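The values are calculated or read from the model by the stated rules, or taken from the named source; none is laboratory data. From a predicted model like this one, the values you see are computed outputs, not experimental measurements. No Cβ is skipped: glycine too gets one built from the backbone with ideal geometry, and neighbour counts run over all protein chains shown. What goes into the accessible areas is simple: the full protein's heavy atoms, side chains included, and nothing from ligands, DNA or RNA. Shrake-Rupley method; radii C 1.70, N 1.55, O 1.52, S 1.80 Å.
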Amino acid sequence: MGETVMLPRPARVGGLPVWGVIKERRTIRQYSGDPLALDVVSQLLWASSGVSGDAPHLRTAPSAGGRHPATTMLVANRVTGLTPGIYRYSPDQHGLELVSRGDYGDTLVDACSGQNMLGSAPAVFAWNVEPERTTSRYGDRGKRYILLDLGHACQNLHLAATALGLGCCSIGAYSDDRVNGIFGLDGKANAVLYMATVGVLEGE
Ligand SMILES: Cc1cc2nc3c(=O)[nH]c(=O)nc-3n(C[C@H](O)[C@H](O)[C@H](O)COP(=O)(O)O)c2cc1C
């Protein structure tokens, strides 16, 4: 196990009124060069898939049968207080376990069809799915549920980013083999099925 960084406690009340946030949400692909603060990353991780009720099943995003087959991975390109590298989010601990140190920006851009925001974003979220967690209960239909689960987690991330005045972009266009290779996954028992970039708006 790598070292674990315990995250600042996220806000559970307050923030902007929800209707305005839903209306304002937009895909943003250009970011300023500014880093993200650790408390901001903490809030984004919690909003996307943190624990909000009885652990481990009740979280901020719904999941079929409470199985939560996805683990959120964070590529910290520029997060204040985090060594650049790949981290695994633990919702139960609300902590980030260091998986591997390094600057993955350029490698991710290459693996994602040259999409520059994978390198310019201070933080990249990647959902690593272990299908067995859902298909062991639901069989083949579980494959559908997994994709639906990820949509919920990513939309929560979008809305949280909007509420914090940040930009966010869902990423589905990438080489599965290359992205799974970056995260050290075999692409079968574990695979990255969805990603998203988050960054500071230009001119802020
Ligand atoms: C499943 C999915 C995959 C996407 N993949 C990418 C992507 O790889 N690159 C990108 O620039 N935008 C990607 N997008 C963002 C869409 O292009 C964007 O949501 C769409 O243009 C509508 O804009 P809006 O989000 O501002 O409403 C993706 C969106 C979804 C839902």
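A few remarks follow.
- Accessible area (Å², per residue) of region 23-200, counting only protein heavy atoms and a probe of 1.4 Å: 43
- R101-W19 FRET efficiency (beta carbon distance; Förster radius 45 Å; 0.05 resolution): 0.60
- Magnitude of the charge dipole for region 23-200, about its Cα centre and with charges confined to Cβ atoms of Lys, Arg (+1) and Asp, Glu (-1), is about 480 debye.
- Förster radius 25 Å - calculated FRET efficiency between A55 and S136 (Cβ-Cβ, nearest 0.05): 0.80
- Among the trypsin sites (Lys or Arg not before Pro) found in region 1-105, those both in a DSSP coil and sparsely packed, with 16 or fewer other Cβ atoms within 10 Å of their Cβ, are R12, R25, R26, R29.
- For GluC sites (Glu not before Pro), the sites in region 1-99 that DSSP calls loop and that have at most 14 other Cβ atoms within 10 Å are E3.
- The relative contact order of region 128-204, computed from alpha carbon pairs under 8 Å that lie at least 6 residues apart in sequence, is 38 percent.
- Accessible area of T83 in the full protein assembly, 1.4 Å probe (Å², nearest 10): 60
- Compared with the direct C-alpha span, the chain from A173 to L148 gains 7.2 nm at full extension, assuming 0.36 nm per residue.
- Within region 102-162, trypsin sites (Lys or Arg not before Pro) in DSSP loop having at most 10 other beta-carbon neighbours inside 10 Å: none
- Calculated P(r) tail over 22 Å for the chain, as whole % of Cα pairs: 45
- Farthest towards the positive end of the charge dipole of region 67-150, among the residues G114, I86, L148, is the Cα of L148, using unit charges on the Cβ of Lys, Arg, Asp and Glu.
- Helices that extend 24 Å or more along their long axis by alpha-carbon positions and average at least -1.0 on the Kyte-Doolittle scale are, among the DSSP H runs of the chain, 141-163.
- Region 23-200, relative contact order in percent, only Cα pairs under 8 angstrom and at least six apart counted: 29
- Relative contact order for region 4-105: 28 percent, from Cα pairs under 8 Å spaced at least 6 residues apart, divided by residue count.
- Expressed as a whole percent, the accessible surface of the chain that belongs to carbon and sulfur atoms is 51, based on a 1.4 Å probe.
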